[in-house]
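Undergrad: Pasting in a structure now, in structure tokens, and then I'll have a few things to ask.
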Amino acid sequence: DLALAENAKTEPVSPKKAAPFEGRFATLWGVTDIVQLGGRLYALSPSLDDPASMAIELEIVDDTTLKRVGGSKFGSRGEHLQFHFSKSGKVRKVTGGHTMLPIDKFKLPERVTRPERT
């Protein structure tokens with residue numbers, strides 16, 4: 001997407017460096033895709049009509065951490081996403097604000113309840 005490239009805040013990285021972070025992750029609140037576009041990593045919401053319109057640019061901090069450098073100023077810009085990898089190199093979970101699991105590992109709870117008010 002040309003608009004993403006024009007507004008990029010990070011330098012492009014090699015596909016090999018970005019690959020460990022890419023994937024589809026889920027929480028109780030929805031699904032997030034972390035994808036490489038034009039050599040940069042972005043978090044996208046695949047349920048949107050135009051996922052690229054709300055893409056959040058991500059910067060590689062180190063081998064296990066991304067930082068949100070794009071998105072709304074009212075969002076979680078600056079937040080770190082910590083990737084937890086298995087010994088085989090697959091993502092077990094992503095933490096930062098909330099916990100995301102790889103889509104194939106995510107299961108909805110049988111029942112979602114609201115906390116009791118005190």
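Undergrad: Which condition number in (1) farther than 18 Å from His84 by Cα; (2) touching a Phe, Trp or Tyr at 6+ places or on another chain (Cβ under 9 Å) is the one that Asp33 fails?
TA: Only one criterion in (1) farther than 18 Å from His84 by Cα; (2) touching a Phe, Trp or Tyr at 6+ places or on another chain (Cβ under 9 Å) is unmet by Asp33, namely (1).
Undergrad: Let me ask something else. Tell me whether the stretch 107-115 contains one or more residues that are surrounded by fewer than 16 Cβ atoms within 10 Å (Cβ to Cβ), modelled with pLDDT of 85 or more and within 15 Å of the chain's Cα centre (by Cα).
TA: Checked the stretch 107-115: no residue is surrounded by fewer than 16 Cβ atoms within 10 Å (Cβ to Cβ), modelled with pLDDT of 85 or more and within 15 Å of the chain's Cα centre (by Cα).
Undergrad: Tell me which residues, restricted to the stretch 13-36, are surrounded by 14 or more Cβ atoms within 10 Å (Cβ to Cβ) and over 23 Å from Asp104 (Cβ atoms).
TA: Val13, Lys17, listed by residue number.
Undergrad: Right, here's the next one. Take Val69 and tell me if it is in contact (Cβ under 8 Å) with a residue 60 or more places away in the chain, touching a helix residue (DSSP H, G or I) at 6+ places or on another chain (Cβ under 8 Å) and among the β-branched types (Val, Ile, Thr).
TA: Taking the combined requirement at face value, the residue does not satisfy it.
Undergrad: Moving on. How many residues does the stretch 40-58 contain that are modelled with pLDDT of 90 or more and touching an Asp or Glu at 6+ places or on another chain (Cβ under 9 Å)?
TA: Summing the residues that are modelled with pLDDT of 90 or more and touching an Asp or Glu at 6+ places or on another chain (Cβ under 9 Å) in the stretch 40-58 gives 7.
Undergrad: Now for a separate question. Of all residues in the stretch 36-66, count the ones that are without any contact (Cβ under 8 Å) to a residue 24 or more places away in the chain and outside any strand (DSSP E or B).
TA: Qualifying residue count, the stretch 36-66: 10.
Undergrad: Restricting attention to the stretch 75-97, report how many residues are outside any strand (DSSP E or B) and open to solvent by less than 40 Å² (accessible area, probe 1.4 Å).
TA: Qualifying residue count for the region: 2.
The values are calculated or read from the model by the stated rules, or taken from the named source; none is laboratory data. Worth saying up front: this structure is predicted, and the values here are computed from it rather than measured. Positions of Cβ are backbone-derived with ideal geometry, glycine not excepted, and every protein chain shown enters the neighbour counts. For accessibility, only protein heavy atoms count, side chains too; no ligands or nucleic acids. Shrake-Rupley method; radii C 1.70, N 1.55, O 1.52, S 1.80 Å.
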